[in-house]
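Take a look at the structure set out below.
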Amino acid sequence: MKDIVLVYDVASVPDPWTITQVAEIWKKHNLVLWDSTKGYAPFFSEETDKYTIVDINSPISEEEGKIIKGHEME
């Protein structure tokens, strides 16, 4: 079984996070955050429904909002 690779435009990292923090949120919550005003959308090397990609400039669910708010305080 091949590993799924995330292809991520580092320019699209949302403020105030770093790419390391984005990776930590992805690993912990299966949620990939990106900022569409800053760069290109991330994508996976294989089709998967295991992870959710969220543009912070689009409507988000209540659960996604809690994850984002929780990590802003770290």
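At-a-glance table
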item: Residue of LYS38, LYS27, LYS50 that the Gaussian network model of the chain assigns the largest fluctuation, springs spanning Cα pairs under 10 Å; result: LYS50
item: Length gained when the stretch VAL5-ALA41 is fully extended (0.36 nm per residue, less Cα-Cα span); result: 11.5 nm
item: Label-point separation, ALA23 to GLU64 (7 Å along Cα→Cβ), nm; result: 2.3 nm
item: Using distinct alpha-carbon pairs, which all enter the 1/r mean, Kirkwood radius of region 6-72 in Å; result: 12.0 Å
item: Using alpha-carbon coordinates, inclination of helix 19-29 to the longest axis of the chain, degrees; result: 80 degrees
item: Count of lysine pairs in the chain with Cα separation under 17 Å (8 or more residues apart, or interchain); result: 7
item: Nearest 10 degrees, 0 to 90: helix 62-72 Cα axis against the chain principal axis; result: 80 degrees
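Here, each number is a calculation from the coordinates, and none is a lab measurement. Owing to the predicted nature of the structure, the values given are computational and were not obtained by experimental measurement. Glycine also receives a Cβ, built like all others from the backbone with ideal geometry; neighbour counts cover every protein chain displayed.
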